[in-house]
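Reviewing the structure listed below.
The values are calculated or read from the model by the stated rules, or taken from the named source; none is laboratory data. It should be emphasised that the depicted structure is a prediction, and the values quoted were computed from it without experimental measurement. Neighbour counts run over all protein chains shown; Cβ positions are idealised from the backbone, glycine included.
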Amino acid sequence: MQRRLVRKLDLTRALSKVEPNPSPKAHLEQYTITPKAAAEILYLAAYTYDDIVDRNVVDLGCGTGRLAIGSALLGANETVGVDIDGIATRRAFFNAERLGVNNGTQWLTADVNAVRGFFDTVLQNPPFGVQKRKADRIFLKKALEIGNHIYSLHHSSQENRKFVRKMEMSEQRLLPVSPSPFLKNFILEHGGEIRGVYTLMMETPYMFKFHKRRLYKYTADLYVIEQSA
């Protein structure tokens, strides 16, 4: 059985070994979450909300598997990663083998709308809708259909972006913030209830021709959601 990692530093180091997509596609907004950001999200889910250890987890839009593999390393019962890009899921399978969690992970190449079943926990770093409007809503709606507890990253609201400088100067990685009115209403309309919203620092290196800097820093809002009773 895979030894469960309990130190955030150990998890971050392990997730740094997850190889990225060798041919990311701009229209799918395939930006890999950093090891530090992934570890922060997973630790919050595992040890603040008790939604990872011994749970059945699905990672929608899993890319090369960083969140799904991290869940397995923290002791998830079973983890499924879903991505429309076969190159990404093949790399995720390789990454899972490399980190010794291939027995507890499954990888599915499919559109998220094809996912059926019900999971204890849904993790997702969906497209923010920059290239395709409302793309994040498709993921959020599906997550609310198939999951009991949901961790979903979204573009920060204008109000929450003021925390960027504070986060850059602080060792605190996650800062509680208010939800955007639109997402709050969308979640309520689709049977969810917000348990918390946290802003965290994200980084994206130069990846596509339209990028003009070597490194982009920005904030994203993590929505922690549960199904309404």
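Restricting H149, H154 to residues that are under 19 Å from G61 (Cα atoms), in contact with an Asp or Glu (Cβ under 8 Å, 6 or more places away or on another chain), at pLDDT below 95 and outside any helix (DSSP H, G or I) narrows the list to H154.
If we scan region 23-45, do we find a residue that is touching a helix residue (DSSP H, G or I) at 6+ places or on another chain (Cβ under 8 Å), part of a loop (DSSP other than H, G, I, E, B), over 15 Å from L153 (Cα atoms) and modelled with pLDDT of 95 or more? Looking through region 23-45, none of the residues is touching a helix residue (DSSP H, G or I) at 6+ places or on another chain (Cβ under 8 Å), part of a loop (DSSP other than H, G, I, E, B), over 15 Å from L153 (Cα atoms) and modelled with pLDDT of 95 or more.
Identify, please: which residue in region 70-87 is farther than 21 Å from I41 by Cα and in contact (Cβ under 8 Å) with a residue 24 or more places away in the chain and is, among those, surrounded by the most Cβ atoms within 10 Å (Cβ to Cβ)?
Residue satisfying both the conditions and the ranking: D85.
Being farther than 12 Å from H149 by Cβ, small (G, A, S) and under 15 Å from the mean Cα position of the chain (by Cα) is a description that applies to G81. Tell me whether region 89-103 contains one or more residues that are at pLDDT below 95, of a type outside the set (A, V, I, L, M) and under 17 Å from the mean Cα position of the chain (by Cα). For region 89-103, residues at pLDDT below 95, of a type outside the set (A, V, I, L, M) and under 17 Å from the mean Cα position of the chain (by Cα): absent.
Restricting region 81-106 to residues that are among the polar types (S, T, N, Q) and in a helix (DSSP H, G or I), which is nearest to D54 (Cα to Cα)? The selected residue is N103. Taking region 182-205, which residues are polar (S, T, N, Q) and under 18 Å from the mean Cα position of the chain (by Cα)? Answer for region 182-205, where residues must be polar (S, T, N, Q) and under 18 Å from the mean Cα position of the chain (by Cα): T199, T204.
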